[in-house]
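Reviewing the structure listed below.
The values are calculated or read from the model by the stated rules, or taken from the named source; none is laboratory data. Predicted model, so just to flag it, every value in this text is computed and none were measured. All Cβ positions, even for glycine, are placed from backbone atoms using ideal geometry, and neighbour counts span all protein chains on display. To get the accessible areas, we keep the full protein, side chains included, count just its heavy atoms, and leave off ligands, DNA and RNA. Shrake-Rupley method; radii C 1.70, N 1.55, O 1.52, S 1.80 Å.
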Amino acid sequence: MGSPVGLDPRQVLARDAEHGAGARTWYFPDGDRPPAGPDGGPEAHESLMILNVCARPATVDIDLYWTDRPPVLGIQVVVPGERVRGLRVPWYDDPADGSRAEVPVREQYALRVRSNIPVICQYGRLEAVPSFALYTTMGFTQ
C-alpha cells in the first residue's frame with residue numbers, strides 16, 4: 001500500500017477508499033464494565049469505536065475472553081464504508097448484528113476485534129462512581 005506521505009488529500013482519500021487504513025486485528029486486554037452512575041449524571045459505559053475509512057463495508061468479529069470461562073467468539077457487526085460505529089457493552093446495538101453476550105458489571109475481560117478489511121479501533125470507558133473519569137486507549141494491532 002505504501003506511505004501516503006507526499007500525496008495530496010485526494011490521493012490519500014482514493015487510496016483509503018480502495019485499500020482501507022488501520023489493521024485487521026486489534027486487541028484490548030482491559031475490559032471491565034463499570035457500574036451505573038448516579039441518577040441525572042452521565043451514563044457509565046464502555047465503548048468500542050471502529051472507524052472504517054474504506055469505501056466498502058467492514059465485517060467485524062468481536063471475541064470476548066474471560067478470566068474463568070471459555071471465550072465468546074464471533075459477535076459480528078458491520079461498519080458501513082467511510083463511517084464510524086460506536087458499540088457499547090454488550091458490543092452490538094442492532095439485532096441484525098447477531099447474538100448478545102452477557103458482560104457482567106466489574107468482571108474482567110479482554111477483546112479481540114477481527115475485520116475483513118483494515119479498520120481503526122479505540123476503546124473507552126466512562127466511570128461514574130465514585131467520581132467521573134474517562135479512559136480511552138488505542139489497541140494493540142497485528
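Modelled spin-label separation between Gln142 and Val84, with each label point placed 7 Å from Cα along the Cα-to-Cβ direction: 2.7 nm.
Based on the Cβ-Cβ distance from Gln108 to Thr59, what FRET efficiency comes out when R0 is 30 Å, to the nearest 0.05? Kindly include the intermediate steps, with their values, before the conclusion.
Numbers: r = 28 Å, r/R0 = 0.92.
Efficiency computed from Cβ-Cβ geometry: 0.60.
Could you do me a favour and compute the accessible area per residue for the chain, 1.4 Å probe, result in Å²? Don't jump to the answer; show the numbers that get you there.
Details: 7870 Å² over 142 residues.
The answer is 55 Å² per residue.
Taking all Cα pairs closer than 8 Å and separated by 6 or more residues, the relative contact order of the chain comes to 36 percent.
Distance between the modelled labels on Trp66 and Val129, one decimal in nanometres: 2.1 nm (7 Å Cα→Cβ projection).
Taking all protein chains together and a probe of 1.4 Å, list Arg112, Arg10 from the most accessible to the least accessible. Each step should come with its number before you reach the end.
Details: Arg112 55, Arg10 180 Å².
The ordering from most to least exposed comes out as Arg10, Arg112.
Of all the accessible heavy-atom surface of the chain, with the other protein chains kept in place and a 1.4 Å probe, what percent is carbon and sulfur? Carbon and sulfur: 56 percent of the exposed surface of the chain. Rounded to the nearest 20 debye, the dipole magnitude of the chain is 380 debye, with +1 charges on Lys and Arg beta carbons, -1 on Asp and Glu beta carbons, and the Cα centre as origin.
With everything on Cα atoms, drop me the angle between helix 9-19 and the longest principal axis of the chain, reported from 0 to 90° to the nearest 10. The helix 9-19 is inclined about 70 degrees to the chain.
With the charge dipole of region 15-142 set up from +1 on Lys and Arg Cβ and -1 on Asp and Glu Cβ about the Cα centre, the Cα lying farthest toward the positive end among the listed residues Cys54, Ser131, Ala36 is that of Cys54.
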